[in-house]
Every structure is written in C-alpha cells, then in structure tokens.
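The values are calculated or read from the model by the stated rules, or taken from the named source; none is laboratory data. The shown structure was predicted, so the numbers you read here are calculated from the model rather than taken from an experiment. Cβ: placed from backbone, ideal geometry, glycine included. Neighbour counts: every protein chain shown. With ligands, DNA and RNA removed, areas are computed over all heavy atoms of the protein, side chains included. Shrake-Rupley method; radii C 1.70, N 1.55, O 1.52, S 1.80 Å.
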Amino acid sequence: MKLRSILFVLSLLSFLSASIGGYLYYASLKEAAFKEAERQALLKVELIRKTLSSYLSENIKPVRALASMDEMLNMLTQNNRQALHKANKILDQFKAALEVDVCYLMDHEGNTIASSNRDAPDSFVGKNFAFRPYFQQAIHSAPSTYLALGVTSGKRGVYYSYPVFEKGEDLPIGLVVIKASIDRIEKKLVFSPNDIVMVTSPKGIIFISNQKEWLFQSAWKLGEQQINVIVKSRQFGNGPWEWVGLTPKNDHRVIDNDGNQFIMHQREIENYSDWHVIHMRSLQSIHRTVYDPLFRVTGPIVLSLCFMVGVGVFFLYQKASHEIGQRKAAEKALRESEARYRSLYLNTPAMLHSIDKNGQLVSVSDHWVDMLGYQRNEVLGRRITNFFTEESRQYAEQIVFPQFFKSGFCKDVSYQFVKKDGGVIDVLLSAIAEKDATGTITRTLAVSVDVTERNRAVAALEKTKEELSHYSRDLERQVVMRTREISSILKYTPAMVYLKDREGRYLLVNSRYEELFGVKNEEIRGKTDYQILKRSVADQFKQNDAVVFNEGRSYQVEEQFDQIDGLHTYLSVKFPLYNDSGHINGICGIATDITAVKKAQNQLRRLSGSIMTNQEKERSALARELHDELGQVLTALRLDGAWLRDRLKAFDAKAADRALTMTNLIDTTIEEVRGMAFRLRPGVLDDLGLVDALEWYTHDFERRTGISCVFEHRNFSEVDDNLATAAYRITQEALTNVARHAKATRVDVILHENNGMLSIQIKDNGIGFKVTDLTESEGLGVAGMRERASLVGGWLEVDSKPTQGTQVNFKVSFDSN
C-alpha cells in the first residue's frame with residue numbers, strides 16, 4: 001500500500017512535473033517564437049528597405065549625366081532634324097546601358113520632344129506630362145525621383161528627372177527623365193512565402209507587394225478627401241483603389257476583415273518621403289511554429305508514457321537541432337545582409353563616411369574618394385577636419401563637434417571640402433552616432449551632399465534679385481512719370497478720349513468727353529453708350545466699335561452728333577486693346593472735332609467745282625471762237641492764197657511758189673487751230689458722248705506722241721455731261737503725264753461699267769515712280785485729277801513703282817450723279 005502510494009505520488013509528481021514542464025516549455029517556446037519572429041521581421045523589413053532604397057536610387061547619377069550631355073541642350077535650343085537624331089541616339093544608348101524602360105527629353109512646357117520609345121505604339125513623343133511632380137520640381141531646378149503608374153504605358157515605374165540648363169543660365173529650359181521598371185526591381189527582391197510585404201504611398205496605395213491581387217489597392221481605409229487627392233494626382237491610374245481590409249490595432253498589430261491578426265513592421269524609404277516598406281506575418285503562422293513542435297513532443301508521451309523520458313530527450317534533441325539550424329540560417333542571412341549593406345555603403349552614389357570618437361576616418365564610400373580625388377588608403381586614419389577649409393575646420397572643432405558628441409545627431413551642416421587638386425566643394429553634411437551599451441559614441445555615419453552648383457545658383461539668384469529690384473524701382477519711376485504725362489494729355493487735349501471693355505462698358509473718359517456730354521468719369525464708368533447717349537448716337541458708336549472688334553485693327557471714321565450749337569462732325573480713330581494672352585479685351589477711341597474743317601472743305605469743293613465749270617465754259621467758248629471765227633478767217637486766207645497762186649502762175653512762177661507755200665502754211669495752221677479747239681473742248685464729247693471723245697483723243701495722242709495707245713470699252717452706257725467731262729479731263733491729264741514723264745512705249749485706256757460703277761484705267765509700261773516722292777509741282781496734276789473725281793462723287797488712285805509702270809484708276813458710282 002505504501003509502495004502503491006509512493007508510486008502514485010511519484011506518478012502524480014511525475015505527471016505534475018511533466019505538465020508544469022510542458023507548460024513552461026510551451027510558454028518559453030511561444031515567447032521565443034514571438035521574439036524570433038519580431039527579430040526576423042525587423043531584419044527582413046530593414047533588409048528590404050535598404051535593398052529597395054539602393055535599387056530606387058541607382059539611376060540618380062546617370063540622369064544627371066544625361067542632363068549634362070550637349071545633345072540634350074542642342075535639341076532644346078535648336079530643335080532640328082539633326083539635333084533630334086543625335087538626341088535620340090544618346091537616349092537609346094542610355095536606355096540600353098542602364099536596362100531601363102525608357103529615357104526621354106521634355107521641353108519647358110512639359111512636352112516630350114525626344115524619346116527612346118519613339119517608335120513604340122505607346123511612344124511618349126508629343127505627350128505632355130507637365131502635371132507630373134517630377135516635371136514640376138525639375139523645371140524649378142530641383143532634381144526629382146517619383147514612383148507612379150505610367151499614364152501612357154500603364155506600367156509601374158520609378159522616374160528620375162534632372163533639369164537641363166543653358167550654359168551660364170540659372171533657369172532650366174527643359175529636363176531629361178529616366179523611367180525604370182518596378183517589375184524589374186521587384187524581381188530582384190526576395191520574399192518569404194509566409195510573409196506579406198508591400199510598399200505603400202503616402203496615402204496608403206499599395207505599389208509593390210508579393211500579394212499581386214493587392215496592387216493598386218488601399219492598405220488602409222481612405223476618406224473621400226484622400227481619394228480626391230489621389231484622383232487629381234493621376235499617380236496610380238484611374239482606380240478604383242479598393243480597401244484590402246487591413247485595420248491597425250496598435251503600432252505592431254493589424255487585423256483583416258476575416259479577423260486574422262498580423263505582426264506588422266514598417267520603415268520609411270530613404271529619399272521617398274512618407275513611402276513605407278511594410279512587413280506582416282500572421283499570428284497563426286507564428287503559433288504554428290509553437291504548436292507543431294509541441295504536438296510532436298506531447299503525442300508520443302501520451303501514447304507511450306514509459307518512453308516519456310527517452311522520447312522527450314529525443315524530441316528535445318531534435319528541437320535543439322532544429323533551433324540551432326534556424327539560428328545558423330539566421331546568422332548566415334544576417335552576414336549576407338551585412339555584406340550587402342557594406343556593398344551599398346561603398347558603392348552608393350553619395351559621399352558617405354564614418355569617423356571614430358577621435359574624429360578619424362574609419363570608412364569612406366567610393367563616391368567620397370572619387371569626389372575629393374584621393375585613394376582610400378590615403379584618407380583612412382586621418383582626421384576628417386584635415387580635408388576641410390580652415391574656416392570649416394574651426395567651425396567644426398569649436399561648434400559642431402561638441403554639440404554632436406552630446407546629442408549624437410546633426411543635420412544640414414554647411415562645410416567646404418578641399419579636393420586633392422586644391423579645388424573647393426560646398427557640402428551639406430548630416431550625421432548620426434552609433435553608441436555602445438553605456439551610451440558612449442563609438443563611431444558615426446555621415447552623408448555629405450554636394451551643393452556647390454546650388455550655392456552658385458543661389459548667389460547668382462541673389463545678384464539677379466538685386467538687379468531686378470533696381471530695375472523695378474527705375475521702372476516704377478518711369479511709370480509714375482509716364483502716368484503723369486498721360487494724365488496731362490488726357491486732361492488738356494481738345495480731343496475726346498475714352499476706353500471701353502469688350503462688352504462696350506466705359507472704363508475711362510477724359511475731361512473733354514465729360515464737358516461735351518455733361519457726365520463725370522466716376523458716373524459713366526461701367527455704363528454703355530445706350531445708358532448715357534441718344535439711341536441714334538449710341539447705335540453709331542456701337543456699329544463703328546464692332547468693326548474694330550471683328551477685324552482686330554484700327555479704324556478711322558467720321559461720326560456726327562448734336563451739340564448745343566448744332567450738328568458736329570468728329571474724326572474718330574478707334575483701335576483695339578489687347579490683354580497678356582493676345583486677345584482683344586477693350587477699345588480706345590480718340591475723336592477730334594473737324595466740323596470747321598469739313599465746312600471749309602465743302603466750301604472749297606464748291607468753289608473748285610464752280611471754277612472748273614466756268615473753266616469748261618471758257619474753254620468751250622474759246623474753242624468755238626477758234627473754230628468759228630479764226631477758222632473762217634484762215635479759210636478765207638487760204639482761198640485768197642490759192643487764187644493768188646493761180647493768178648501769178650502764168651507770169652511770175654517764183655511768186656506763185658511763195659503763194660503755194662503760204663497756202664500750205666495756212667492749211668497747217670487751220671489743222672493746228674482745229675486741234676487746239678478740239679483739245680480745249682471736243683465737240684464730239686458734246687455731240688457723240690464720252691466713248692467717241694476718248695476714241696478720238698487716244699488716236700490723236702498716238703499720232704502726236706508716237707506712243708502706242710489702245711482704247712478698250714465694254715458694257716458702257718451714256719452718262720451725264722458733268723461725269724463725261726470729268727472722265728474725259730482725267731484721262732486727258734493722265735495721258736499728258738505719260739507723254740511728259742513715263743518714257744513709255746505703250747499705254748492702255750480701259751473704260752467699263754459694272755454693277756452701277758463707272759471705271760477708267762490708264763496703265764502704261766513706263767519707268768514708274770514712288771508716289772510718295774512726288775514734288776509739290778509734280779503732284780498738282782494728280783491733285784487736279786483727284787479734285788475732279790471728288791467733285792463728281794468718285795475717287796482716284798495712283799499705283800506706281802519704279803521700273804514697273806504706272807496705273808491710274810478712276811471710279812465713280814452712277815448713283816452719286
């Protein structure tokens with residue numbers, strides 16, 4: 001009985017010991033599994049972040065090199081076929097060398113003018129990407145990297161942009177862009193099948209993930225305002241960006257719509273603000289790592305209690321071996337991660353260095369030694385301040401280093417490095433410290449950004465600002481002076497001046513306008529003509545304004561309206577006003593009172609018409625006297641001469657010959673008198689009309705001058721005496737000028753009637769002349785012709801150029817006579 005009790009107690013104690021041991025083992029195993037999962041997750045997310053940062057930054061230096069190529073600058077400034085060919089060749093070379101999707105060149109308006117995919121169906125050439133942030137930042141002189149879905153190709157990509165400057169200029173004239181494929185980068189990343197890894201945008205859109213169905217969906221639930229921001233950015237296509245169902249419970253726990261919980265760790269990607277790498281592992285998979293080993297251990301114990309110790313030892317041994325294997329694998333992954341990190345550190349295109357607590361260099365990146373021109377063995381072990389200028393050295397040792405070794409952090413400290421060849425570069429240095437367990441700084445990691453060109457640009461910008469300020473002050477002074485002058489002109493000019501907008505509303509009137517219409521500038525502003533003037537005057541103004549708006553040119557017109565002393569005539573000059581975009585947005589009118597001038601012109605015209613009428617009467621009377629009286633006398637003398645010749649022929653032959661000569665001379669004189677009488681006032685004009693008169697005159701002109709004169713007439717009906725006389729005299733004066741000045745061999749006179757208009761053209765093939773070079777005396781004949789044309793309600797134009805002959809055009813409407 002006692003033995004049985006002892007065995008029972010021992011069995012109970014063994015059972016209790018086994019249970020307690022199993023529970024403690026399970027608890028420790030669970031805790032170890034969670035800690036290991038946490039550690040593995042941290043290692044993985046950091047490794048992915050560093051790897052992804054390296055891949056996303058690998059084309060920053062090449063895009064800058066591409067922007068500095070002369071072929072890119074020549075294409076932006078010349079834009080011809082040869083420049084395009086060279087630019088495309090360079091873009092093709094960069095695309096092939098970098099193994100990227102596309103390289104392209106954009107002008108300052110965002111238009112793609114050259115691209116390596118120019119022959120592809122989704123070519124970028126001619127497309128405008130001005131809405132993209134990488135364009136907006138680079139065109140303002142800031143290089144940019146950008147993650148987005150291509151609007152043309154529909155493919156994910158990382159865009160690297162860099163501005164292109166003209167030599168000696170500070171403002172970009174365009175930019176180059178390199179687009180690398182995210183798919184290519186994604187293939188280089190290694191994802192565990194038990195983990196969920198994703199890269200999210202600042203708004204939570206999943207851009208990279210090993211869960212392909214999650215791409216371009218929202219990791220977290222979005223509000224309407226956030227969705228509108230994503231739509232406007234056009235960064236991830238047209239949506240919809242559905243929610244994958246994840247909800248954060250705290251900093252490291254996430255739950256999905258099915259209630260599954262995950263451990264989550266996220267890290268921000270360098271150079272991509274608010275972009276995160278997120279690593280998640282389900283609690284179920286972690287629990288599985290605990291349950292499976294436990295069941296493998298406890299199952300045999302339940303079945304074979306007698307072999308509990310041996311089986312337990314065996315399984316414990318297996319578990320230990322498994323744990324050791326996992327640890328070795330983790331250590332191997334850690335060593336590979338450290339090697340990859342070291343490779344990134346040395347080969348990254350940035351100036352990286354580390355110093356110990358004494359300020360001595362312990363490591364530098366390849367880019368650091370390349371920028372300063374040293375070999376790595378020449379700099380390691382030396383103080384970092386040995387490579388500073390004297391001013392930077394004092395600043396570092398006296399101010400920066402003491403503060404840094406207290407806080408362990410510094411950002412954007414301005415230094416100057418001295419290169420091996422003596423050159424100086426400006427940098428902005430940021431650094432963090434590594435500390436041991438006691439909190440003592442053991443070494444630092446620093447990043448230096450070359451800002452030499454930026455500082456030069458800032459200095460040039462400051463100088464430009466100063467010059468612009470001086471120019472602005474001078475411009476303001478000139479504006480004030482010109483404003484004062486214009487105000488004086490508007491105030492004291494006797495002409496009416498006004499400004500209107502596109503809808504005919506007044507913007508400004510001068511004092512003369514106010515005086516004539518009894519209004520004030522403040523009262524009329526914003527009103528139309530119909531609100532302040534009589535309808536007849538307003539209609540007149542609106543009709544003339546419409547000519548300027550419709551034709552987009554200045555317009556000169558006479559306008560009439562009543563004043564206190566009667567109807568006045570104004571010569572109005574109206575011209576359009578343009579806005580900055582080149583569109584007409586208003587009109588300006590300047591009207592000068594020409595009532596007195598018009599009256600004088602009318603009086604002068606009536607006087608001139610009276611003089612010409614009297615002149616024609618005198619010419620007609622003189623022609624009749626020459627023809628009737630002098631002609632009869634000469635005819636009588638001729639008869640007497642013929643009688644005298646016949647009487648003397650028989651007994652005085654010499655006297656008879658003299659009588660014959662006298663008779664011939666009288667015949668010639670008779671012909672000259674008849675010609676003079678006809679030219680003074682051709683009877684055929686009164687008897688037979690204008691066509692026959694011009695037919696006779698052109699024939700007589702050809703006979704007298706030897707110049708071939710061709711007269712054509714068609715579709716012509718008879719006109720009244722005044723118009724016929726004016727047409728005849730204009731033709732006579734024009735042909736006289738041809739005989740005197742043109743040195744022509746041919747002249748054409750064309751008379752025709754068309755649509756109620758009488759038209760005469762006198763065109764010669766002479767030497768021609770510049771109409772503006774006529775002297776006052778030479779221009780009297782042209783002025784006389786214009787005066788005759790005006791008196792019958794017509795107009796006359798003279799068109800002539802040196803060596804191209806002269807053409808005189810007279811036109812008159814039958815309705816004016």
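Here are the numbers for the structure shown:
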read-out	value
For the stretch 57-126, the fraction of alpha-carbon pairs in successive 10 Å shells from zero, as %	21, 57, 21, 0
Aspartates and glutamates whose Cα lies under 16 Å from that of LYS463, excluding same-chain neighbours fewer than 8 positions away	GLU169, ASP170, GLU453
log10 of Debye I(q)/I(0), alpha-carbon scatterers only, for the stretch 686-725 at 0.17, 0.22, 0.27, 0.36 Å⁻¹	-0.50, -0.75, -0.93, -1.20
Under the Karplus curve 6.51 cos²θ - 1.76 cosθ + 1.60, θ = phi - 60°, whole-Hz ³J(HN,Hα) for the stretch 449-461, x wherever Gly or Pro sits	10, 6, 10, 4, 5, 5, 5, 5, 5, 5, 4, 5, 5
Counted charge near ARG454, where neighbours are those whose Cβ lies closer than 14 Å (Asp, Glu -1; Lys, Arg +1)	-4
Under 20 Å from the Cα of LYS95 - lysines, other chains or at least 8 residues apart	LYS61, LYS86, LYS127, LYS155, LYS179, LYS187, LYS188
Cα-projected label distance for ARG746 with ARG456, points at 7 Å along beta-carbon direction, nm	7.2
Three-way shape label, the stretch 175-250, alpha-carbon gyration tensor, a/c 1.5	oblate
Euclidean distance of C-alpha centroids, the stretch 477-512 and the stretch 83-102, integer Å	58
Label-point gap, in nm, between GLU702 and PHE401 - each point 7 angstrom along Cα→Cβ	11.3
The stretch 441-513 pair-distance distribution - Cα-Cα, 5 Å bins, rounded %	3, 12, 9, 10, 9, 9, 7, 7, 6, 6, 5, 4, 3, 3, 2, 2, 1, 0
Hits among lysines - C-alpha to C-alpha of LYS35 under 25 Å, sequence gap 8 or more where chains match	LYS44, LYS50, LYS249, LYS319, LYS328, LYS332, LYS435
For the stretch 513-564 versus the stretch 732-769, the gap between their alpha-carbon centres in whole angstrom	43
Order of exposure, largest accessible area first, which applies to ASP799, ASP107 with probe 1.4 Å	ASP799, ASP107
Environment charge at SER233 (Cβ cut-off 11 Å; Lys +1, Arg +1, Asp -1, Glu -1)	+4
